[in-house]
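Here the structure comes first, spelled out in structure tokens, and everything after it is commentary.
The values are calculated or read from the model by the stated rules, or taken from the named source; none is laboratory data. Everything quoted here is computed from the prediction, not taken from an experiment. Heads up, the Cβs are rebuilt from the backbone with ideal geometry, glycines too, and the neighbour counts pull from every protein chain shown.
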Amino acid sequence: MARKLNTRALAARATRQIIDQGRSLDAVLPSLFEQVDLSAQNRSLLQELVYGVCRWYGELDALAGQLLRSPIRNKDRELHFLLLVGLYQLRHLDTAQHAAVAETVSGCQQLNKAWAKKLINGCLRSYLRQPPELSADAAHLSHPKWIAGALETAWPDYYNDIVQANNQRPPMCLRVNRRQGSRDQYLEQLHKQNFSALADPYSSDGIVLQQAAPVTALPAFAEGAVSVQDTAAQLACDLLAAQPGESVLDACAAPGGKTAHLLERHDDQLALDALDISARRCEQLQATLNRLQLDAHVVNADAADTQSWDQPDGGYDRIMIDAPCSGLGVLRRHPDIRHHRTAADVDNLVAQQQRLLHGLWPLLKPGGRMLYLTCSILPAENNDQIDAFLASHGDAMLTELSHPSALVLSHGVQTLPGVHEMDGFFYSALTKAS
């Protein structure tokens with residue numbers, strides 16, 4: 001008889017791969033789900049445990065350090081993560097305490113470390129008897145010092161709101177494909193299937209689910225009726241303001257959410273080139289378009305190297321640069337970023353962004369609009385980046401943007417997690433002089 005899989009042990013192994021070995025959450029969890037046969041309930045629990053430990057790692061690690069008499073040896077590092085999984089349940093979930101302790105201790109067996117049951121049990125029960133005291137800014141412990149410092153410097157008035165939001169589960173946001181039906185019609189379908197859902201007040205195509213659900217449970221997801229996309233990302237379509245019949249370049253298009261939104265809005269009446277430098281991500285982009293029954297010219301190329309791919313005669317009416325960035329505006333959705341990103345990465349990303357802006361500007365028609373956006377909240381990647389670009393391009397004019405849920409900056413608009421009801425995105429629109 002096959003041994004029952006222990007979800008806590010699986011979570012410990014997964015979080016170790018992410019935090020110690022530098023693998024991404026988006027790679028680890030899908031791979032794990034393919035390898036093990038779990039019920040829908042246990043898949044959901046496993047995902048919650050892995051995301052939760054990644055979000056609260058700093059806090060949980062500090063707690064473990066106080067509960068352990070001495071650090072767990074490197075060769076038994078999975079046990080350290082198993083302890084963190086147990087602490088996360090006791091501290092942040094509504095799991096019954098006895099079940100959380102028993103299942104976590106049982107995980108030692110699956111990790112082939114049955115000798116550690118007493119150790120893990122003792123630490124968890126010690127926590128229940130008298131939780132160690134942490135500093136009042138415990139939430140900040142789950143942000144690397146360089147990230148915490150950068151956020152506090154950039155946004156001193158909003159810093160606490162941002163770091164608190166980064167450690168919370170974000171809502172699940174949907175984008176309705178208006179080619180297949182209206183938002184009201186899709187809301188009606190959701191309500192008939194007992195989903196608690198609301199119209200997004202900041203996106204005319206958006207819906208916010210009160211509780212996350214597998215995409216396979218969403219009505220007509222496979223047929224392309226709806227996509228998962230945060231509100232902040234949905235703003236791109238309106239801010240680019242493309243018109244039917246125009247030529248459009250989505251320069252960093254994968255996995256395809258913004259490309260698809262443009263095509264849905266304009267019923268395929270755009271000549272749209274969708275580029276991405278990654279062949280694998282181009283496949284994801286094409287799969288997105290196929291599911292939504294949309295068509296675009298997908299090109300695997302380095303957008304900034306304009307000699308390596310073909311453009312339409314005369315250039316583009318609209319160019320959207322969803323630039324590679326630090327991702328510090330989406331830490332709540334991608335908690336593994338805080339374990340992988342470094343301060344040096346930001347300098348490299350700023351250089352990549354500059355290369356895209358400078359390389360693609362000549363392809364914009366006179367009178368055309370370029371929309372630059374990131375899912376970062378660092379000024380160096382955003383407002384400062386556009387300031388430098390304007391200083392070196394006399395034919396570039398800033399186009400004023402506004403949104404009811406965004407901060408208006410000198411060179412664009414910025415949303416912040418915990419301050420606005422969406423992820424952290426920056427948008428700037430530039431018009432080329434005629």
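For region 107-116, enumerate the residues that are crowded, with 18+ Cβ neighbours inside 10 Å and part of a helix (DSSP H, G or I).
Scanning region 107-116 gives Gly107, Cys108, Gln110, Ala116.
Those residues that are surrounded by 20 or more Cβ atoms within 10 Å (Cβ to Cβ) and of a type in the set (S, T, N, Q), I need them from region 230-258; list them, please.
Within region 230-258, Thr231, Gln234, Ser247 meet the criteria.
Can you pull out every residue in region 151-206 that is more than 28 Å from Phe221 (Cα to Cα), of a type outside the set (S, T, N, Q) and not in a helix (DSSP H, G or I)?
Trp155, Pro156, Asp157, Tyr158
Show the residue pairs meeting these rules: Cβ distance below 9 Å; 6+ apart or different chains; first residue within region 408-427 and touching a residue at least 12 places away in the same chain (Cβ under 8 Å); second residue among the charged types (D, E, K, R) and outside any loop (DSSP other than H, G, I, E, B).
Ser410/Asp387; His411/Asp384; His411/Asp387; Leu416/Asp161; Pro417/Asp161; Gly418/Asp161; Val419/Asp161; Phe426/Glu381
Output yes when any residue across region 83-98 is outside any helix (DSSP H, G or I), closer than 30 Å to Glu34 by Cα and in contact (Cβ under 8 Å) with a residue 24 or more places away in the chain, and no when none is.
Yes - at least one qualifying residue is present in region 83-98.
What pairs come out if I take residues in region 271-284 that are in the same structural domain as Ala296 (by TED's automatic domain parsing) and pair them with residues that are part of a helix (DSSP H, G or I) and surrounded by 15 or more Cβ atoms within 10 Å (Cβ to Cβ) whose C-beta lies under 7 Å away, six or more apart or interchain?
Filtered contacts from region 271-284: Leu272/Thr259; Leu272/Leu262; Leu272/Leu263; Ala274/Thr259; Ala274/Leu285; Asp276/Cys282; Asp276/Leu285.
List the residue pairs whose Cβ atoms are under 9 Å apart, where the first residue sits in region 203-232 and is more than 23 Å from Ala40 (Cβ to Cβ) and outside the structural domain of Arg43 (by TED's automatic domain parsing), the second is hydrophobic (A, V, I, L, M, F, W, C) and surrounded by fewer than 17 Cβ atoms within 10 Å (Cβ to Cβ), and the two are 6 or more positions apart or on different chains.
Every condition considered, the pairs that remain are Gly206/Ala199.
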